[in-house]
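The values are calculated or read from the model by the stated rules, or taken from the named source; none is laboratory data. No experiment lies behind these values; they were computed from the predicted model shown. A quick note on method: Cβ atoms are made from the backbone with ideal geometry, for glycine too, and the neighbour counts reach across all protein chains shown. These area figures cover heavy atoms from the full protein model, side chains too; ligands, DNA and RNA do not enter into them. Shrake-Rupley method; radii C 1.70, N 1.55, O 1.52, S 1.80 Å.
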Amino acid sequence: MQTPNILIVEDEVVTRTTLKSLFEAEGYGVFEAENGEEMHDHFENQSIDLVIMDINLPGKNGLILAREVRDKKNVGLIFLTGRDNDVDRILGLEIGADDYLTKPFNPRELTIRARNLLARTSNANEDEDLPSKVNFNGWVLDGDSRSLISPSGNEFRLPRSEFRALHLFLNNPGKILTREQLILEMTGRELRTNDRTVDVTIRRIRKHFESEPDAEDLIVTIHGEGYRFCGAVDG
Ligand code: CA
């Protein structure tokens, strides 16, 4: 595998420089951007594998920029959020960030998260192992476009966390999947205390299902255990 490239989007010079040295010491290629414009310049000129982004940025903030990043296949996204800003964290995950870390963060923790996520995203064959289309209850999960198509033909482009979670469910119909299994599939990391990542992702997937009239409850909560997909996968 080529050396992964990390793009740091952060307007605070000290934090940005610290992150740059941190990841360069780990052997990664590191690029810096102060704002969304610079971020897009890098995307045009480099192959970027992982974005580490502050939420509070001048101009377009991180939550807006995240929507622009999540459509790029095989790019991971980790958010840096202010302390105690639960709203930002939840929003970030809903928009499709793979992970988040609260400032001030532990550098070691961040490099571990980055490595885990890169192991997931930089495996270019990751999505190719899947059948390109899986049909269930009138829905289609399309691995080529990473989208979910409703029985009435609405198409939802999925952030990779939602796609990976749904893919795991479809491979294990009827089985209870724990939050630990789901977080590992989504981000390559372990579950943390008060981790909302899995629940936010499941809520997002349910919202897609609920967009249909007469929606079935395809993912049920198994209290104290996890979630179970109770639809029927064709073929
Ligand atoms: Ca900032």
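Structure above, values below:
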read-out: Enumeration of residues in the range 212-226 that are at pLDDT 95 or above and under 19 Å from Leu148 (Cα atoms); value: Leu218, Ile219, Val220
read-out: Residues within the range 1-28 that are within 16 Å of the ligand (Cβ to nearest atom) and under 21 Å from the mean Cα position of the chain (by Cα), tallied; value: 5
read-out: Residue count for the range 192-235, restricted to those that are in contact with a Ser or Thr (Cβ under 9 Å, 6 or more places away or on another chain), of a type in the set (Phe, Trp, Tyr) and over 26 Å from Leu101 (Cβ atoms); value: 1
read-out: Check on Asp98, surrounded by fewer than 17 Cβ atoms within 10 Å (Cβ to Cβ), within 24 Å of Ser145 (Cβ to Cβ) and touching a residue at least 60 places away in the same chain (Cβ under 8 Å); value: no
read-out: Residue tally, condition surrounded by fewer than 15 Cβ atoms within 10 Å (Cβ to Cβ) and of a type in the set (A, V, I, L, M, F, W, C), over the range 216-229; value: 2
read-out: Among residues of the range 185-196, those that are within 19 Å of Asn172 (Cβ to Cβ) and not aliphatic (A, V, I, L, M), counted; value: 3
read-out: Qualifying positions in the range 1-56 - part of a loop (DSSP other than H, G, I, E, B) and open to solvent by less than 70 Å² (accessible area, probe 1.4 Å); value: Pro4, Glu10, Asp11, Gly27, Tyr28, Asn35, Gln46, Ile48, Asp49, Ile55
read-out: Qualifying residue in the range 30-51 (condition: within 27 Å of Thr193 (Cα to Cα), out of contact with any helix residue (DSSP H, G or I) (no Cβ under 8 Å at 6 or more places or on another chain) and polar (S, T, N, Q)); value: no
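This table checks each residue for (1) modelled with pLDDT of 85 or more; (2) of a type in the set (Gly, Ala, Ser); (3) surrounded by fewer than 20 Cβ atoms within 10 Å (Cβ to Cβ).
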site: Lys60; (1), (2), (3): yes, no, yes
site: Leu80; (1), (2), (3): yes, no, no
site: Ile90; (1), (2), (3): no, no, yes
site: Arg115; (1), (2), (3): yes, no, yes
site: Asn125; (1), (2), (3): no, no, yes
site: Glu128; (1), (2), (3): no, no, yes
site: Val134; (1), (2), (3): yes, no, yes
